[in-house]
Amino acid sequence: MTNPNAEVVVNQALRLWGLEGAQTNLIAARENAVYRVTSKNEFVALRLHRQGYRSHDELRSELEWMAALAAGGTKVPSPISSLSGNSLHVIDGVQVDVLSWLPGAPLDSYVANLTTAERTQAFFTLGKEMATLHKVSDAWIPSKQFTRCAWDLEGLLGDAPLWDCFWKNPSLSAEERQLFNTLRCHARRDLKRYENQLEYGLIHADLVGGNVLVSDDSMCLIDFDDGGMGFRLYEVVTALLKHSNDNDFIDLKSALIEGYQHIRPLELNAFDLFMALRAATYVGWNISRMNEAGGRNRNARFIDAARQHAKVYLEAS
């Protein structure tokens with residue numbers, strides 16, 4: 001996120017949370033701008049939200065959900081109220097909040113040089129944390145004002161999906177466009193067929209390796225920016241998709257599912273469908289980001305992956 005007034009917003013936020021004079025370090029600036037704030041040898045995370053992405057009600061709901069998850073034993077950041085008792089403020093048009101700081105290395109870097117046995121153990125743990133997230137969410141009763149996006153049939157495959165129309169990506173060849181339109185048609189049919197069989201509820205929706213922190217034997221889940229209602233299988237394939245071409249993918253998949261099912265059941269009949277859908281979402285997501293640094297190379301990778309998973313799904317359907 002690029003904001004010319006970021007310094008002004010950060011300084012005012014520090015005053016609102018009683019953190020004047022604290023040291024700030026920008027640690028992420030892609031979707032939201034996230035600062036690590038150091039005060040009296042303690043850390044918190046200050047978030048400046050991307051303007052126009054989430055409504056005030058959606059962000060309040062996200063913070064409400066995260067507080068409930070933390071209270072329920074899920075390892076996630078907890079919202080920290082400002083001196084006025086509010087968990088969310090708007091400063092110069094920017095939505096700002098503060099969360100507890102969770103230590104750890106991103107899962108991707110943590111598993112990069114591990115043995116297959118060590119990697120599978122990490123994915124077993126991730127499966128358990130994922131299932132705990134869903135279990136605690138299902139037991140929680142949100143407020144009547146709670147509102148988040150829905151990764152449902154329309155959110156994934158409707159005329160205005162949450163992450164844009166993957167079948168309209170301008171870089172698609174004629175063959176790819178036909179393939180992705182076929183994917184959309186078959187996926188809508190099958191998702192309607194499976195809809196009542198699949199677990200559906202609150203999901204993080206972006207549990208990629210960068211949003212999972214590993215510290216000692218602890219695993220924490222961060223960045224609930226895209227969290228909302230969705231199919232639990234969508235959550236599972238999100239964590240696995242990047243590793244689908246790894247030599248130990250079958251081991252990682254089995255470990256994650258075993259870890260998940262250690263906590264709660266999971267229906268797997270539509271696994272290939274959701275792998276194809278998740279890969280396709282990135283093709284849509286990148287449409288508005290094509291002109292970013294590396295955007296076109298990233299686009300080619302996303303299209304290749306989606307084409308691969310679409311063919312696997314369509315050949316079996």
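With respect to Val34, determine if the residue is assigned by TED's automatic domain parsing to the domain that holds Cys149 and within 30 Å of Met130 (Cα to Cα).
Considered against the rule, which asks whether it is assigned by TED's automatic domain parsing to the domain that holds Cys149 and within 30 Å of Met130 (Cα to Cα), Val34 comes out as no.
How many residues does the stretch 169-194 contain that are in a helix (DSSP H, G or I) and either surrounded by 13 or more Cβ atoms within 10 Å (Cβ to Cβ) or not charged (D, E, K, R) (or both)?
17
Across the stretch 45-93, which residue is surrounded by the fewest Cβ atoms within 10 Å (Cβ to Cβ) among those that are within 29 Å of Ala131 (Cβ to Cβ) and β-branched (Val, Ile, Thr)?
Ile80
Output the number of residues of the stretch 150-201 satisfying the condition of being touching a strand residue (DSSP E or B) at 6+ places or on another chain (Cβ under 6 Å) and of a type in the set (A, V, I, L, M, F, W, C).
4
Which pairs do you get when a residue that is touching a residue at least 24 places away in the same chain (Cβ under 8 Å) and β-branched (Val, Ile, Thr), found in the stretch 168-185, comes within reach of a residue that is surrounded by 13 or more Cβ atoms within 10 Å (Cβ to Cβ) and in a helix (DSSP H, G or I), reach meaning Cβ atoms under 8 angstrom, with the pair 6+ apart or on two chains?
Thr182/Ala310; Thr182/Leu314
Pick from the stretch 1-44 the residues that are among the small types (Gly, Ala, Ser) and in a loop (DSSP other than H, G, I, E, B): which of them is surrounded by the fewest Cβ atoms within 10 Å (Cβ to Cβ)?
Gly21
What are the pairs with Cβ atoms under 6 angstrom where one residue, in the stretch 84-109, is assigned to a loop (DSSP other than H, G, I, E, B) and the other, located anywhere, is aromatic (Phe, Trp, Tyr)? Sequence gap at least six, or different chains.
Between residues of the stretch 84-109 that are assigned to a loop (DSSP other than H, G, I, E, B) and residues that are aromatic (Phe, Trp, Tyr), the close pairs are Trp101/Phe43.
List the strands (runs of 3 or more DSSP E) that sit entirely inside the stretch 195-249 and contain at least 2 residues that are over 23 Å from Tyr53 (Cα atoms) and touching a residue at least 40 places away in the same chain (Cβ under 8 Å).
Here the list reads 212-215, 218-221.
The values are calculated or read from the model by the stated rules, or taken from the named source; none is laboratory data. Everything numeric here is computed off the predicted structure, so don't read it as measured data. Note: ideal-geometry Cβ built from the backbone for every residue, glycine included; neighbour counts use all protein chains shown.
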